[in-house]
Amino acid sequence: MRIQLPPFGREAKLYVISQSLLAASYLGIHNLLKTLFVLRLGFGPEYVGWYNALGALTYSVMGIPSGALGRRFGARRVLLVGTSIVVVGLCLIPFAESMPDALYRIYPIAIHMLVTFGWSLANVNQVPALLAVARPETRDKVYFWNQGVRGIGTFTGTLVGGLLPALFGGFLGLALDEALPYGLALTSGVVLALGGLVPLLLIRPNESAAQSIASQTGSGSRFPVLPIALLVAYVLLRHGGWATCQAFFPAYMDEALSIPTATIGLIASVGQLVGIVVSFLTPRLIRRRGHGSILITTTIWMAVSLGLLALVPHWFPASVGRVAVYVLAAIWLPTIQLFEMEMVTPEWRSLAYGALSMAMGGAFGLSSLAGGYIIAGYGYSAMFGYGVILSILATGLIALIVHKRDAIMARAAGATRPIRRADSPAE
């Protein structure tokens, strides 16, 4: 089957290129190595839990403000500022080892919060910025292609990131149980992040697109508080289950199963590669099954995948579970975003997406914090079991939201007219 590229405009293509480079830096290299770097500094799972939790809290707190800043000053400008902050934070990471005792425990968390602050500004505004310059007839296709290309960037960054500590360690004559090779590997992502800034600087704002969006606002519609609140609760549960794997899988493979860093990176890369392929097929899945059905299915399979990690302490089933988590996330994220966008009018989309981002960050933070203490007290299997429970609860809640969506939307709008169902397959 031949994949045909949609006729994207120049600005949309520049955004997609920029996002692929930023994904390689932050979602690839940074997300793979940050936990391993903290472990090499001599900290345990409780510290890792606080490290991830405070970073996620930063992302959560900045969710709605990031959307509001993008609406006030322009998504592209805020995206540029956020990416610049990420670059600065990555440059500061290797200095953790040289901190005095009074700052040794604080410094890694502070820099992680700085990087996450910048990433929140950038990530919350990347979808509005892209859709603002995309041609109306190609917006959906541009969106899914952006997701796929981001996946390619993440895959490449993860694969390269798994090899970088050994490369720096060999060059400097350092063992891989020392922190500096990991710190330098994390900082190498600066090159990719700087490369992501260049296309953003070359973009010319699309005035006609901005005017088109502006003309849709001011309708006086009410913000659908109840539907968005229920979605936020669902995301807190579902994303909390996912976070147990995302935050602790590298540490689990490294500490509990003694798997080399390069192998951990390879496993993550395989999952991301399969996820890339699946992301390009997601529009077809949505047309055949509908948003709601996909959300229910991917959430229950998330529980099954985490169950593999919880019940079988061996590298192969753990790897299968991790790859499955990547694939399910590749389907779930664009589906929940589109499901939410259909619930709100254009004037409320930035606020609604900011609320969703807040829920994702909060879920990651809570699971990271709880997971660190669960691991310390009961082990990794109990922590992944906690993720299974959250995923099962999330499945029940999203099933309720999907099947009662018409009534929920009508109550939120104070109306009795039928609401178009997002969970039905497209005509």
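The values are calculated or read from the model by the stated rules, or taken from the named source; none is laboratory data. Note that the structure is predicted; figures quoted are calculated from it, not measured. Virtual Cβ from ideal backbone geometry, glycine too; neighbours counted across all protein chains shown.
Here is a yes/no grid of residues against (1) in a helix (DSSP H, G or I); (2) out of contact with any Gly (no Cβ under 8 Å at 6 or more places or on another chain); (3) more than 30 Å from Val133 (Cα to Cα):
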{"position": "Gly161", "(1), (2), (3)": "yes, no, yes"}
{"position": "Phe168", "(1), (2), (3)": "yes, yes, yes"}
{"position": "Leu176", "(1), (2), (3)": "no, no, yes"}
{"position": "Tyr182", "(1), (2), (3)": "yes, yes, yes"}
{"position": "Ala185", "(1), (2), (3)": "yes, no, yes"}
{"position": "Leu194", "(1), (2), (3)": "yes, yes, no"}
{"position": "Leu200", "(1), (2), (3)": "yes, yes, no"}
Flag for Leu285 being out of contact with any Gly (no Cβ under 6 Å at 6 or more places or on another chain), modelled with pLDDT of 90 or more and more than 20 Å from Thr263 (Cα to Cα): no
Within the stretch 350-385, considering residues that are surrounded by fewer than 23 Cβ atoms within 10 Å (Cβ to Cβ) and either among the aromatic types (Phe, Trp, Tyr) or in contact with a Cys (Cβ under 8 Å, 6 or more places away or on another chain) (or both), the one nearest to Asn125 (Cα to Cα): Tyr373
Some residue of the stretch 174-188 being modelled with pLDDT under 90, loosely packed, with under 15 Cβ neighbours inside 10 Å, over 22 Å from Gln272 (Cβ atoms) and not hydrophobic (A, V, I, L, M, F, W, C): yes
Some residue of the stretch 45-60 being outside any helix (DSSP H, G or I) and either in contact with a strand residue (DSSP E or B) (Cβ under 6 Å, 6 or more places away or on another chain) or outside the structural domain of Ser269 (by TED's automatic domain parsing) (or both): no
All positions within the stretch 91-109 that are surrounded by fewer than 16 Cβ atoms within 10 Å (Cβ to Cβ), hydrophobic (A, V, I, L, M, F, W, C) and more than 17 Å from Ser188 (Cα to Cα): Met99, Ala102, Leu103, Ile106
Test result for Ile259, at pLDDT 85 or above and not in a helix (DSSP H, G or I): yes
Enumeration of residues in the stretch 89-101 that are more than 9 Å from Gly118 (Cα to Cα), part of a helix (DSSP H, G or I) and touching a helix residue (DSSP H, G or I) at 6+ places or on another chain (Cβ under 9 Å): Leu90, Cys91, Leu92, Ile93, Pro94, Phe95, Ala96, Glu97
Pairs, first farther than 18 Å from Tyr386 by Cα and not assigned by TED's automatic domain parsing to the domain that holds His239 in the stretch 309-338, second of a type outside the set (A, V, I, L, M) and buried (at least 21 other Cβ atoms within 10 Å of the Cβ), C-beta under 6 Å, six or more apart: none
Qualifying residue in the stretch 367-379 (condition: in contact with a helix residue (DSSP H, G or I) (Cβ under 8 Å, 6 or more places away or on another chain) and within 24 Å of Pro283 (Cα to Cα)): no
Residue match in the stretch 386-393 (condition: at pLDDT 90 or above, touching a Cys at 6+ places or on another chain (Cβ under 7 Å) and not acidic (Asp, Glu)): yes
Which listed residue, of Val323, Val304, Val278, Val270, is part of a helix (DSSP H, G or I) and either modelled with pLDDT of 95 or more or in contact with a His (Cβ under 9 Å, 6 or more places away or on another chain) (or both): Val304
Candidate set from the stretch 98-151 (those that are in contact (Cβ under 8 Å) with a residue 24 or more places away in the chain and of a type in the set (S, T, N, Q)); member that is farthest from Leu194 (Cα to Cα): Thr138
Residue within the stretch 27-50 that is modelled with pLDDT of 85 or more, of a type in the set (A, V, I, L, M) and farther than 23 Å from Leu163 by Cβ present: no
